[in-house]
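Worksheet: one structure, shown below.
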Amino acid sequence: MSTNTTYTLDMTRMPSHVAIIMDGNGRWAQARGYERSAGHVEGVTTVRRITEEASALGIKYLTLYTFSTENWQRPQAEVDALMTLIVTAIERETPDLIKNNVRLTTIGDLDRMPLFAAERMRKCIADTSHCTGLTLVLALSYSSRWEIVKATRELARAAAEGKINADDIDEAMFASHLETASMPDPDLLIRTGGDMRVSNYLLYQIAYTELIVTPTYWPDYSREDFRNDIAAYQHRQRRFGKTGEQVAATEQTK
């Protein structure tokens, strides 16, 4: 869990890739007597400020769990409202993304999205493709099990066609068929809203990712919250299966 402790950031130890499960929009709205859609609208404002903060801190990748494959099961009116909100918000923010040198991309099954939403999203991606700062990754129509099955199917097909030898499949080859093939694994995963689960999100990629869960609903998640969570991450020792003594010895030789 995250805490209320205020930390000082070490700018030399910033995570390269931060992933976020943006949870609590609906509960935020219901607690105030609003329709759930009001929480999603307010959540867009949080996306803007956290993207700006990540860019200012020099983080290379920010991946946001925007719409899962399971979300297609929600009431159709909510799904339609979310699709419209997502693409409208991205179109509105694209000029500022370009101004701040932020490149937009997505992971997930865009072909499953309504045609109007997928086409407009692809245009925004193309418009920011020249940017070289933060890469903002929206996980849209995404789930990790879908991604893993898709990668497995591609490798099985390649082996059946004689393009690869099944015995040559290793972690690197498998990872190259994932949606995240062009980016490093997340260093830090933040979940807002307090639920203690990863919800079918980047299951393969977060094998050694540091996890922080905050009870704060996404619409209330502030720049200070984000900075404190990053600072808390910086106070952890990442061992990757080694002992603490081994890691400390390696750091002393740097």
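The values are calculated or read from the model by the stated rules, or taken from the named source; none is laboratory data. Just so we're clear, the structure is a prediction, and the values are computed from it rather than from any experiment. Here the Cβ is made from the backbone with ideal geometry for all residues, glycine too, and neighbour counts use every protein chain on show. When the accessible area is computed, the model is the full protein with side chains, heavy atoms only, and any ligands, DNA or RNA have been set aside. Shrake-Rupley method; radii C 1.70, N 1.55, O 1.52, S 1.80 Å.
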Part of a loop (DSSP other than H, G, I, E, B), open to solvent by 70 Å² or more (accessible area, probe 1.4 Å) and over 27 Å from Ser37 (Cα atoms) - does that describe any residue in segment 209-231? no
Could you check segment 84-199 for helices (runs of 4 or more DSSP H) lying wholly inside it with 3 or more residues that are touching a helix residue (DSSP H, G or I) at 6+ places or on another chain (Cβ under 9 Å) and open to solvent by 60 Å² or more (accessible area, probe 1.4 Å)? 115-127, 144-160
Cβ-Cβ distance below 6 Å, separation of 6 or more or different chains: which pairs start in segment 206-218 with a residue that is more than 18 Å from Gln237 (Cα to Cα) and end on one that is of a type in the set (Ser, Thr, Tyr)? Thr214/Ser2; Thr214/Thr192; Thr216/Thr192; Trp218/Thr46; Trp218/Thr192
Can you name the condition, by its number, that Gln73 falls short on among (1) touching a residue at least 24 places away in the same chain (Cβ under 8 Å); (2) within 25 Å of Arg197 (Cα to Cα)? (1)
Scanning segment 203-228 for residues that are of a type outside the set (Gly, Ala, Ser), out of contact with any Gly (no Cβ under 6 Å at 6 or more places or on another chain) and more than 18 Å from Arg48 (Cβ to Cβ) gives Leu203, Tyr204, Gln205, Ile206, Tyr208, Thr209, Glu210, Leu211, Ile212, Val213, Thr214, Asn228
Verdict on Thr51 being at pLDDT 95 or above, surrounded by fewer than 16 Cβ atoms within 10 Å (Cβ to Cβ) and either in contact with a Pro (Cβ under 9 Å, 6 or more places away or on another chain) or polar (S, T, N, Q) (or both): no
Scan Thr45, Thr63 and give me the residue that is within 29 Å of Arg112 (Cα to Cα) and surrounded by 13 or more Cβ atoms within 10 Å (Cβ to Cβ). Thr63
